[in-house]
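One structure is given here, and the rest of the page talks about it.
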Amino acid sequence: MKRVRTEQFQYTVAQYLKRRQYVESEGPPKGPKLSQTAEEMATNLTVQTESGCTNFVSAAPCQADSQQYEIQFGQLRTFLTDTNVQWSREVTSVLYPLFVYLHLDMVHCGLKSSVDSFYSRFHSMFLQDTDQKDIIEQLRTTLTVQDISSNPKLRAFLDNKYVVHLTDEAYNYLLRYLQSDNNTALCRVLASHIQVEVTSTQRTVYQLYGSGPSGVGGFSRGDASNNMEPGDVPASILQNEAARNSLQECIKRVKDGPPSLTTVCFYAFHNTDQLLNSAEISANSKLLAAGFDNSCVKLWSLRARKLKAEPHQVDVSRINLACDVLEDESEDEDSAGTEMKTLRGHCGPVYSTTFLTDSSGLLSCSEDTTIRYWNLGSFTNTALYQGHAYPVWDIDISPCSLYFASGSHDRTARLWTFSRTYPLRLYAGHLADVDCVKFHPNSNYIATGSTDKTVRLWSTQQGNSVRLFTGHRGPVLSLAFSPNGKYLASAGEDQRLKLWDLASGALFKDLRGHTNNITSLSFSPDSSLIASASMDNSVRVWDIRNTYCNAPADGSSSELVGVYTGQISNVLSVQFMACNLLLTTGTTQENQEH
């Protein structure tokens, strides 16, 4: 019964294969032939339906012209030996099995003249290796199918797949070459006789420049490694390594050595009549914004390029009535650009301004309890934020310009986002005005300084107070976080600059030297220096490492490394920029002639 069912099954399969034109004989297929026919069926079906797929190796055709064997192998050898690519050396491990299987394939096809030409041209490539040399010399006398059948080593090549180990990069490099031109003969051998084992191993810098292939060919399916010895590293790499170590040592000496003097650039305001409340320079050092008592914000260009509004179709801030007299001169001035722009919108003194990180916008806060956003492309007010009930003293923008915070006379600080006109969080806890606010570099915390002589650290998302710093003897007017996020600096009317360790919540340093209110603080990019501006008309730079500093004669703290003074009546702000540049803004003395 089983035999009858088996015969019926074989007959049914044979009729199906015959109908699909995959079997030439009428009789029922035997086991091996049936298996081979199914493999051919899968290959042909793949070629017919997926000839354009990315798996180019499996979609290779099964026939090649007699001349294509030599041409395609020669092009691959030239490509791998003439290009100076780090993966070409690794892919050369494929050449040996390709040569052997192409030779045997030509013998099966009876291409005697092509076999002789192919062997004589390429066999010398593999005579250096002892194992490869033995097989290559046997191929010299292999000219018929009977020669292959009588040779057990060559039969082993045909009965097994040759395993080659390649990394991801090398395998993709080989595939890109096979797809670049007509390589049907090579693809046929790779699909039928060679198994490429792709390994995703983390390679070192030395291995990337290795002289030997990372893959080892053979009939074993086990992983093989060919790690380089230190002596195999090229001399150029060792020289680069020595240069890098020398550079790192120089950087370490500079960091640990005495601080270099800071270059100071001072921007002075003339004839302000004490109406100037704040000044801010953009991060790219191209723009200067100032807030005045007459409720306006003025913007200056610090470069030769003038300020020019982007063209727009409708200006909603200007509505021309029929009775208006239009002045062509103002239009010509706007088209040419000006060195200064006046931004009007507030109805009270402007106490603080701050730029977005990319300098595309500006925020300003005022006594009118509002915060306004100014588009610096059109120089117009595009958003109004309301929430405080009393004047807003200070604002600050998070490092990525996602949020901004404000401090007010209503004893609260508030968190805002640019897409909402109402506050997201309210931070309440101070007993008096919140005079200054500052974001931590990771934006997870906000620091506030108050007239109640305390500094608080708040969780941005939770809204609760996580640190309370006490010790000031007067209102806190300025705050600054170190770029590394470890320290918080605070200063105010008690003329002391205090550094707080955020991890422990303890006082790290108490710096003295100013003789009047400290109005602005700024850390250097490497967090080693901090600059302070004061109403005593001086800017002082402190080295918080205090490694090479000596105690000054005027009684200042030993961390003081520089004092900068000039013909000024008030220093408004200090800002550290790149390249150790310190930008300072202030007003000149009234008795100076300009």
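Quick notes
- Whole-Hz ³J(HN,Hα) from phi, Karplus 6.51 cos²θ - 1.76 cosθ + 1.60, for the stretch 498-505, glycine and proline x: 10, 10, 10, 7, 5, 5, 9, x
- Ratio of Rg to Rh over the stretch 360-436 (Cα coordinates, Kirkwood Rh, two decimals): 0.96
- Computed over the stretch 98-137, the quotient of the alpha carbon radius of gyration and 2.2 N^0.38 Å is 1.14.
- Taking amide H positions as modeled 1.01 Å from N, with prolines and chain starts lacking one, the residues under 5 Å from C265 and 5 or more places away or on another chain are L582, L583, T584.
- Seen from N151, the other residues with C-beta closer than 14 Å to its C-beta sum to a net charge of -1, counting Lys and Arg as +1 and Asp and Glu as -1.
- Computed from phi, the 3J(HN,Hα) profile of the stretch 438-451 under the Karplus parametrisation 6.51, -1.76, 1.60 (θ = phi - 60°) reads 7, 7, 5, x, 8, 6, 8, 9, 10, 9, 10, x, 10, 5 Hz, with x in place of Gly and Pro.
- Across the stretch 147-164, computed HN-Hα scalar couplings (Karplus, 6.51 cos²θ - 1.76 cosθ + 1.60, θ = phi - 60°) run 5, 5, 5, 7, 10, x, 5, 6, 5, 5, 4, 6, 7, 10, 9, 7, 9, 10 Hz from first to last residue, x flagging Gly and Pro.
- Converting the Cα gyration tensor eigenvalues of the stretch 406-498 into ellipsoid dimensions via √(5λ) gives semi-axes, longest first, of 21, 16, 11 Å.
- Residue among F99, N172, L76 farthest towards the positive dipole end of the stretch 60-201, charges placed on Cβ: F99
- Cα centroid separation - the stretch 117-133 against the stretch 558-590, whole Å: 77
- Cα centroids of the stretch 134-171 and the stretch 71-87: 21 Å apart.
- Viscosity 1.306 mPa s, temperature 10 °C, Stokes-Einstein D of the stretch 457-539 from Kirkwood C-alpha radius, µm²/s: 121
- Long-range amide H partners of S520 with built H, under 5 Å: A533
- Value of Rg/Rh across the stretch 83-157 [Cα atoms, Kirkwood radius]: 1.01
- Think of each Lys and Arg Cβ as +1 and each Asp and Glu Cβ as -1; about the Cα centre, that makes the dipole of the stretch 473-579 roughly 120 debye.
Coordinate-derived values only; no laboratory data. Everything quoted here is computed from the prediction, not taken from an experiment. For neighbour counting, all protein chains shown are included, and Cβ atoms are generated from backbone atoms with ideal geometry for every residue, glycine included.
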